[in-house]
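The values are calculated or read from the model by the stated rules, or taken from the named source; none is laboratory data. Please read all numbers here as calculations on a predicted model, not as lab measurements. Here the Cβ positions follow ideal geometry from the backbone for every residue, glycine too, while neighbour counts run over all protein chains shown. Heads up: the accessible areas ignore ligands, DNA and RNA and are worked out on the full protein's heavy atoms, side chains in. Shrake-Rupley method; radii C 1.70, N 1.55, O 1.52, S 1.80 Å.
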Amino acid sequence: MEVKLHDIGEGMTEATINAFLVGVGEQVRADQPLVEVQTDKMTAEIPAPANGIIKGFSVKEGDTIRVGETVLIMGAGKESVAPKRTSSATAQSTRILASPYTRKLARDAGIPLEKVRGSGPAGRILDEDIQSHLLVEPLPKETPERTEADSIPFRGRRKQIASKMVRSVRTIPHCTHFEEIDVTELLAWKRDVTDVSMGAFFIKALSVCLKEFPIFNGRLDEEQECVHLQHAHHIGVAVDTEEGLIVPVIRHVEEKTLKGIQKELKALTNKALDHTLTAKEATGGTFTVSNVGPLGGSIGATPIINEPEVALVSFHKTKKRPMVNEADEIVIRSIMNVSMSFDHRVADGGTAVRFTNRLRDFIEKPGILLMEMI
Amino acid sequence: MVEKRDLMVIGGGPGGYHAALRAAQLGQQVTLIEQGEIGGACLNEGCIPSKILTHFASEFRKQGHLQKMGMVMGETSIDLARLKSYREEKIQGLRAGVEGLLRSGGVEVMKGAASFLSENRIGIENGHQFSLFEFKQAIVAIGGKMEYPSRISMKSPFVLTEREALTMTEIPEELIVSGHDYVAIEIAAAYAALGSAVTLLMEGRLPFDQAIEREMKRLLKKQKVSVTTEVTILSVSDDGGVEVDYESPTGTRQVNGTHLVVCGKSGADLTCAGLDRLQLECEEGKIKVDGEGRTSIPGVWAIGDVTPGPGLAIKAIKEGKVAAEAIAGKTGEMDLEWLPAIVHMDPPVACAGWTEEEAKDRGYDVVCSEYPFRANGFAALKEETDGMIKIVSEKGTSLILGIHMIGPGAVELISTGVLGLEMAARAEDFTFPLYPHPSSNEALMEALEELTGHAVHLQRRKKKAVR
Ligand SMILES: Cc1cc2nc3c(=O)[nH]c(=O)nc-3n(C[C@H](O)[C@H](O)[C@H](O)COP(=O)(O)OP(=O)(O)OC[C@H]3O[C@@H](n4cnc5c(N)ncnc54)[C@H](O)[C@@H]3O)c2cc1C
């Protein structure tokens, strides 16, 4: 029985093999996770379709495969690993004793014959030896050849991110609007409210803004010539992981408390870092936020919209700066830059400015947000 | 304008045309480019014409036997002009056959000289025409280039290359053949059978098991070929004939003849076909390839005489198929371990596997047997009793390590041996099956039985207690 990669998420076409969760020769139950795969958005497990025994893998860890491709072969029911007969071969032989057909079996399975012990007469390697070798030893991992330049793989998540970014920039006329926001008071507020992070506050504030400017929570439908304004605020949070960007989604932010958002944000970030997000947790966003502030260093950048969403907001590093207050005095304030990219087909600069102004008000005077909370 | 092609095969020799046909069988779109004649060196100048000559010679030698049996043929003489037209007719027929196969196999055949312009472009020159192609995959199958010792002037009308020797218009009176492998032995033996006085100067030793070498030398001597091995030619002078000074382990000598045939060594010309424009990794002056024919440049493959290893059609054919299969996504492998070595002398020599010495060098505890064709009934009725078979096997396991033979039908018989070696056969695997009777096959069976002293047709002085 061939176990294939099936579609596990919205329109996914390919996935990278992260890890095998079972070994060749292992008995498995139906629904037991067999292989962990990685798509651009999430990590998922492929479960066993039935009880059986793992015969061999058709792919290697790190391979990127398409939906419909075979991942592994399972034997039905209970099978025992063939007992190894001891070989009577004298150790000195430099000849590998195997018929051309047996050698082809090994070649096709990617098994070096030197590794196989022959159980046939005079130590000949038989077809069964190749099969039982497959059962006891997983396929050798390919060690990447050292070429002159160091290279890192451009596949799996990185490749998916790349194609998504390109598609987004090619289809959406990006327009980015920058703003600076005084976070001095928010920082003071945060000292008292230790169990809520700045990030959770931003997400809630954005959700409140989206209620007032639903266009930024829309989805353009060019065929039907309309923009669907979505009521649910499923906010994607861009998380920077070693393998690249992952965007877990906090669903129904508009119905959640700051504490609830904080709890979910933390859990989802950890899952993203451990690649344990489920399909549901990594898809279906309506708006995305990226908080690069904690990384330090960025004062502004053009965020690329998480297509098919309409906008994305990035929060950059907070820095103490001399500012002029209303009394024309120079004061030291904590200032954070914000950049907002939006789909210029759907909204205009003025709307974006009004949106970020509203966001700025909430952040500069955290108390105002209270008025808008459910 | 650049035309696009999936797979381009450069060279229509045995390597190239096998690759093209196999790839086409596997659904590839194939274009084969040939600047000369389809069939390459093998069909037009090498294997086929040389075997026409050796076959002619051995049939000629049989006439005494045929007359003895009662065939009345009148006076026999040799008409080399007739042989020439026979050869041309046969070669043309075979070539037309291959061309027909390529056509019906859907292979696009182009005339012209191909030249790499870059790692994915080829230009084809045909007269005044030049066309440009972009390919996904290309197989370089341009064959080899014969190299001759620089101290011998090949320009003299009395000095011939091995290819020229195959198409001589007169039987040379005194022929000197200088060479290093089977080609030289075949030419020497053939012309000796046709009446020349032949001197064979071999560069090294004969590359066979010592028992075979001994028998070959004995038979060549009987056929009036004087054989000297481990020879270095010092000089050749040409004065209406040839005078060859050479050195051998017995000292410096001179030999005179009407003609000298010099058999070249197979090398590769990596300056042709634009190969020097590619940064191809090379080995022994040839294109380095992996077990499936991949070169160091992705999408560029090489097979046959242009790659390292013996310059043999046997190898080119197999490499062509393996590369085609790899291109079509199948796994294949080149393994020359049991490559048979063949000499079409009369009787022929055919060997596969390790000699007794090689097996011992590899650390095997060896048992050998020898079996003379004299003991074979079928050979006796044909009066072809010269020759013998030697088996090399491992003591204890009776694993067969080498099969060496000189005798009637050896070239056909060795296939059984090669198959056995590939199957990792032991003596029992050879002696258990049923053999056609009467036939030379039985000689092979008995040679294997003789490993344990069981061969029925060998007379023993004292009956050994055999298990
Ligand atoms: C006298 C003699 C006897 C032999 N006997 C035997 C034998 O009994 N058994 C055996 O196994 N082998 C034998 N061989 C060896 C055998 O002929 C070669 O090993 C074999 O032909 C090699 O095949 P190939 O496909 O690599 O190249 P080739 O047969 O040399 O074919 C190469 C082809 O490529 C063409 N070509 C070259 N460059 C270009 C270009 N730029 N563009 C287009 N076309 C190009 C050439 O015209 C040629 O047709 C013999 C050789 C000789 C000389």
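So the values come out like this:
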read-out: Simple label model, 7 Å out from Cα along Cβ direction - A:THR276 to B:ASP79, nm; value: 9.4 nm
read-out: Bins of 10 Å from zero: percent of alpha-carbon pairs in the stretch B:370-424; value: 24, 47, 25, 4
read-out: With all protein chains modelled, accessible area of B:TYR364 [1.4 Å, Å²]; value: 10 Å²
read-out: Potential lengthening between A:VAL193 and A:ARG345 on full extension [0.36 nm per residue; Cα-Cα distance subtracted]; value: 50.7 nm
read-out: Calculated FRET efficiency for the pair A:ASP221/A:GLU364, C-beta based, R₀ 35 Å, to 0.05; value: 0.45
read-out: Within chain A, helix-based [θ] at 222 nm, where runs of 4 or more DSSP H residues each add -39,500 (n - 2.57), nearest 500; value: -8500 deg cm²/dmol
read-out: Whole-number D in µm² s⁻¹ for the stretch A:2-76, Kirkwood Cα-pair radius fed into Stokes-Einstein, 25 °C, 0.890 mPa s; value: 203 µm²/s
read-out: Ordering of A:358-364, A:338-344, A:278-284 by packing [mean C-beta count within 10 Å, highest first]; value: A:338-344, A:358-364, A:278-284
read-out: Sites A:ALA162 and B:SER415 - FRET efficiency at Förster radius 51 Å, r taken between beta-carbons, to 0.05; value: 0.40
read-out: 24 Å Cα-Cα threshold exceeded, pairs from A:LYS259/A:LYS280; A:LYS4/A:LYS280; B:LYS318/B:LYS382; A:LYS190/A:LYS317; value: B:LYS318/B:LYS382
read-out: Estimated inter-spin distance, B:THR161 and A:GLU69, nm [label 7 Å along Cα→Cβ]; value: 4.9 nm
read-out: Dipole magnitude of the protein assembly as shown about its Cα centre (Cβ charges: Lys, Arg +1; Asp, Glu -1), debye to nearest 20; value: 1540 debye
read-out: Cα-based convex hull volume of chain B per residue, rounded to whole Å³; value: 181 Å³
read-out: Residues with amide H under 5 Å from that of A:THR43, placed H, sequence gap 5 or more; value: A:LEU277
read-out: Sites B:SER104 and B:SER131 - FRET efficiency at Förster radius 35 Å, r taken between beta-carbons, to 0.05; value: 0.90
read-out: Principal axis box of the stretch A:156-373, alpha-carbon based, largest edge first, Å; value: 53, 38, 32
read-out: Rounded accessible area of B:SER237 (nearest 10 Å², 1.4 Å probe); value: 50 Å²
read-out: Assigned charges on the beta-carbon of Lys, Arg, Asp, Glu; the stretch A:2-76 dipole about Cα centre (debye); value: 220 debye
read-out: The stretch A:156-373: relative contact order as a whole-number percent, Cα under 8 Å and 6+ apart; value: 29 percent
read-out: For chain A, average projected area of the Cα convex hull in nm²; value: 26.1 nm²
read-out: For A:THR302, distant residues with modelled amide H under 5 Å away; value: none
read-out: Other protein chain Cβ atoms within 10 Å, averaged over every residue that makes up A:95-104; value: 5
read-out: Label point at B:PHE60 placed 7 Å out along Cα→Cβ; residues across the stretch B:187-204 whose backbone nitrogen lies under 16 Å; value: B:187-199
read-out: Derived scalar couplings ³J(HN,Hα) [the stretch A:213-228; Karplus, 6.51 cos²θ - 1.76 cosθ + 1.60; whole Hz; x for Gly, Pro]; value: 10, x, 4, 7, 10, x, 9, 6, 10, 5, 4, 8, 6, 8, 10, 7
read-out: Burial ranking of peptide ranges B:404-410, B:131-137, B:14-20 (average Cβ count within 10 Å, highest at the top); value: B:14-20, B:404-410, B:131-137
read-out: Rounded percent of accessible protein surface that carbon and sulfur make up, chain A, 1.4 Å probe; value: 53 percent
read-out: Rounded Å value of the spacing that divides the Cα centres of the stretch B:306-355 and the stretch B:20-91; value: 21 Å
read-out: Farthest toward positive dipole pole in the stretch A:156-373 [+1 Lys/Arg, -1 Asp/Glu at C-beta], among A:THR171, A:THR194, A:GLY349; value: A:THR194
read-out: B:GLY299 long-range amide H proximity, modeled H, under 5 Å; value: none
read-out: Linear extension gain, B:ASP276 paired with B:THR385, 0.36 nm per residue minus alpha-carbon span; value: 33.9 nm
read-out: Average beta carbon contacts from partner chains per residue of B:421-432, 10 Å cutoff; value: 3
read-out: Kyte-Doolittle mean at least 1.0, axial Cα span of 18 Å or more - DSSP H helices of chain A; value: A:198-212
read-out: Solvent accessible area, Å² - A:LYS60, 1.4 Å probe, full protein context; value: 60 Å²
read-out: Pairs of Cα atoms farther than 47 Å apart, the protein assembly as shown, %; value: 47 percent
read-out: Chain A: relative contact order as a whole-number percent, Cα under 8 Å and 6+ apart; value: 17 percent
read-out: Relative contact order, percent, the stretch B:91-226 [alpha-carbon distance under 8 Å, six or more residues apart]; value: 13 percent
read-out: Distance (nanometres) between label positions extended 7 Å along Cα→Cβ at B:SER150 and B:LEU117; value: 3.6 nm
read-out: Percent antiparallel among DSSP beta bridges (both partners in the protein assembly as shown, rounded to 5); value: 70 percent
read-out: Top of A:GLU254, A:GLU61, A:GLU243 by mean-square fluctuation, Gaussian network on chain A, Cα under 10 Å; value: A:GLU243
read-out: Average other protein chain Cβ within 10 Å of Cβ, residues B:355-363; value: 1
read-out: For the stretch B:173-246: span of alpha carbons on each principal axis (Å, largest first); value: 40, 27, 17
